1. Answer yes or no: is there a residue in the stretch 66-78 that is surrounded by 18 or more Cβ atoms within 10 Å (Cβ to Cβ), among the small types (Gly, Ala, Ser) and at pLDDT below 70.
2. Take the stretch 82-115 and flag every residue that is at pLDDT 90 or above and closer than 24 Å to THR23 by Cβ.
3. All but one of (1) open to solvent by 20 Å² or more (accessible area, probe 1.4 Å); (2) part of a helix (DSSP H, G or I) hold for SER95, so report the exception by its number.
4. Spot the failing condition for ALA128; the list is (1) open to solvent by 60 Å² or more (accessible area, probe 1.4 Å); (2) in a loop (DSSP other than H, G, I, E, B); (3) at pLDDT 90 or above, and only one is missed.
5. Has the stretch 9-24 got any residue that is acidic (Asp, Glu) and modelled with pLDDT of 80 or more?
6. Based on what the data block shows, is ALA150 in contact with a Ser or Thr (Cβ under 8 Å, 6 or more places away or on another chain), part of a helix (DSSP H, G or I) and modelled with pLDDT of 95 or more?
7. Would you please name the residue that is surrounded by the fewest Cβ atoms within 10 Å (Cβ to Cβ), looking only at residues in the stretch 30-49 that are within 10 Å of GLY134 (Cβ to Cβ) and not aliphatic (A, V, I, L, M)?
8. For the stretch 10-29, enumerate the residues that are open to solvent by less than 60 Å² (accessible area, probe 1.4 Å) and closer than 20 Å to SER95 by Cα.
Amino acid sequence: MACLRKSPCDVLIARQLEPRAFTNIVACVDFSEQSRHVLRLASKVAAMENGKLTALHVFHGPWHKLHYRAPTPEADPIFEREYLEMLDRRLHEFSKTATEASAAANCLVRDYANAGDGIIREASRLDADLIVVGSQGRSKLADMLLGRTAERVLRETSCSVLVVKSDGKN
């Protein structure tokens, strides 16, 4: 982790023992400029490897908050459905602008309390060979050096991980 934190460039942690193509690639998206770069790189890898690309956005829905008063608009099932549809549309548009035409992405929006947990579970469910994740996105200031989500994915997944470093323009 210390080496990865100090690296000025993108880092690939390859976990397969024998060389093989990355056939299932998961690109983690939080709609930041860095995640646009994540999608571009993942798209290039998918095109080179004839792989399947999935753009994954993990979020924690506002309907999970405790409501101490009467039900709020966020607790309404219609609001939940509309919120999910809005995120799905946004992810589709975002991925269209960032991916190579030859490697169009499948888009998944998933609700998890923790982004790292969601990425790990969805990548496992999709049988991912490669997870492409930004080193920092929309996170708290304390997570700026590498980011808790990227670190957790690196520690807890068994597939290869490409960590895309920030260019400082985010």
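The values are calculated or read from the model by the stated rules, or taken from the named source; none is laboratory data. Please read all numbers here as calculations on a predicted model, not as lab measurements. As a convention, Cβ positions derive from the backbone with ideal geometry for all residues, glycine included, and neighbour counts pool all protein chains shown. In case anyone asks, the SASA skips ligands and DNA or RNA and just uses the protein heavy atoms, side chains included. Shrake-Rupley method; radii C 1.70, N 1.55, O 1.52, S 1.80 Å.
1. Within the stretch 66-78, the subset surrounded by 18 or more Cβ atoms within 10 Å (Cβ to Cβ) is none.
Taking every residue of the stretch 66-78 in turn, none turns out to be surrounded by 18 or more Cβ atoms within 10 Å (Cβ to Cβ), among the small types (Gly, Ala, Ser) and at pLDDT below 70.
2. Scanning the stretch 82-115 gives LEU91, HIS92, PHE94, SER95, ASN106, CYS107, LEU108, VAL109, ARG110.
3. With (1) open to solvent by 20 Å² or more (accessible area, probe 1.4 Å); (2) part of a helix (DSSP H, G or I) applied to SER95, the lone miss is (1).
4. For ALA128, the failing item is (1).
5. Keep residues of the stretch 9-24 that are acidic (Asp, Glu), which gives 10, 18.
Adding the requirement that they be modelled with pLDDT of 80 or more leaves 10.
Yes, the conditions are met somewhere in the stretch 9-24.
6. Values: in contact with a Ser or Thr (Cβ under 8 Å, 6 or more places away or on another chain): yes; part of a helix (DSSP H, G or I): yes; modelled with pLDDT of 95 or more: no.
Criteria not met by ALA150.
7. By that ranking, first place goes to GLU33.
8. Residues satisfying the conditions are PHE22, ASN24, ILE25, VAL26, ALA27, CYS28, VAL29.
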